[in-house]
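Student: Below: one structure in structure tokens.
The values are calculated or read from the model by the stated rules, or taken from the named source; none is laboratory data. Note that the coordinates shown come from a computational prediction; the quantities given were computed from them, not determined experimentally. We place every Cβ from the backbone using ideal geometry, glycine too, and count neighbours over all the protein chains shown. For the accessible areas, the whole protein counts, side chains as well, though only heavy atoms, and no ligand, DNA or RNA atoms are used. Shrake-Rupley method; radii C 1.70, N 1.55, O 1.52, S 1.80 Å.
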Amino acid sequence: MQDWAEFNLQKTKGARTQHALDASHAKAVEENRHYIRAVIDELLYTTCQNEAQRGHREGSQSDNKGNFLELLDMISRYDEILKKKLVNHGNAKYTHHDIQNELLDIIAGMIRKDISKEVMEAEHFALMVNETKDVSIEEQLSNMVRYLHQQSLHEEFLNFTAAEGLDADSLLKKTMDTLAKCGIDHNACIGQCYDGAVVVSGHISGVQERFKLCMSAGMHTGSTLC
């Protein structure tokens, strides 16, 4: 009887210990999610406000570590979970610029996925393409789609892509690759909009005409022309 009583006591203690461990784990998971949501919200805020995220010096001794880190520090004064994570998490703070870029890529992918879903529901779209130089004087190709969704017109930006070649074939391939990457069927395109450059808007051999040929021939992005 004494052994049986001791067995039941140990089993009860074990259950209590496991429950405590489970509760502690659940709390840690929720705090981690709370923290990463705050990091993502800050990235979205600084990005949508078109603010530079990084500072010239981001070390702990810097007077100004840049918008992202300074904003995170400020919020942590009023949020105990953020404050604890910033102090105790060592390198697992998800504040390095490589992590910022990765999170932004994930967010961008989710947005493009939503755009693709809306275009599929709309069944048709218009393509808007422009070419411009960035601050480093590199040629960039911007791609947008215009469509009707839930009785409302949408103009959505897909991405910038580096334009290594400025001939019609190269620009067409970049455009087709972008649509394929975003899961948008180029055959659903019913309108094209370009700037005045002949290489894109030309009705004989420009990107506009070559895009039409791809549609009429039912070609895909892996073909010679596309």
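Okay, residues lined up against (1) under 11 Å from Phe125 (Cβ atoms); (2) of a type outside the set (Gly, Ala, Ser); (3) surrounded by 14 or more Cβ atoms within 10 Å (Cβ to Cβ):
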{"residue": "Glu155", "(1), (2), (3)": "yes, yes, no"}
{"residue": "Asn159", "(1), (2), (3)": "no, yes, yes"}
{"residue": "Glu164", "(1), (2), (3)": "no, yes, no"}
{"residue": "Ser170", "(1), (2), (3)": "no, no, yes"}
{"residue": "Thr175", "(1), (2), (3)": "no, yes, yes"}
{"residue": "Ile184", "(1), (2), (3)": "yes, yes, yes"}
{"residue": "Ala188", "(1), (2), (3)": "yes, no, yes"}
{"residue": "Gly191", "(1), (2), (3)": "yes, no, no"}
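Student: Under 7 Å between Cβ atoms, at least 6 apart or on separate chains: pull out the pairs that start in segment 153-182 with a residue that is more than 17 Å from Asp105 (Cα to Cα) and end on any residue that is of a type outside the set (D, E, K, R) and modelled with pLDDT of 90 or more.
Tutor: His154/Tyr147; Glu155/Met144
Student: Would you be able to tell me the number of residues in segment 32-81 that are small (Gly, Ala, Ser), over 24 Å from the mean Cα position of the chain (by Cα) and surrounded by 13 or more Cβ atoms within 10 Å (Cβ to Cβ)?
Tutor: Residues in segment 32-81 being small (Gly, Ala, Ser), over 24 Å from the mean Cα position of the chain (by Cα) and surrounded by 13 or more Cβ atoms within 10 Å (Cβ to Cβ): 2 in total.
Student: Mind listing whichever residues of segment 86-133 are open to solvent by 90 Å² or more (accessible area, probe 1.4 Å), assigned to a loop (DSSP other than H, G, I, E, B) and closer than 19 Å to Leu71 by Cα?
Tutor: Asn91, Tyr94, His96, listed by residue number.
Student: Let me ask you something else. Restrict the check to segment 101-121 and report whether at least one residue is of a type in the set (D, E, K, R), in contact (Cβ under 8 Å) with a residue 40 or more places away in the chain and closer than 19 Å to Phe211 by Cβ.
Tutor: Checked segment 101-121: no residue is of a type in the set (D, E, K, R), in contact (Cβ under 8 Å) with a residue 40 or more places away in the chain and closer than 19 Å to Phe211 by Cβ.
Student: Also, I was wondering about something else. Please go through segment 134-166 and pick out each residue that is at pLDDT below 75 and of a type in the set (D, E, K, R).
Tutor: Within segment 134-166, just Asp134 meets the criteria.
Student: On to the next question. Take segment 137-153 and flag every residue that is over 23 Å from Met120 (Cα atoms) and hydrophobic (A, V, I, L, M, F, W, C).
Tutor: Once the filter is applied, which keeps residues that are over 23 Å from Met120 (Cα atoms) and hydrophobic (A, V, I, L, M, F, W, C), segment 137-153 yields Ile137, Leu141.
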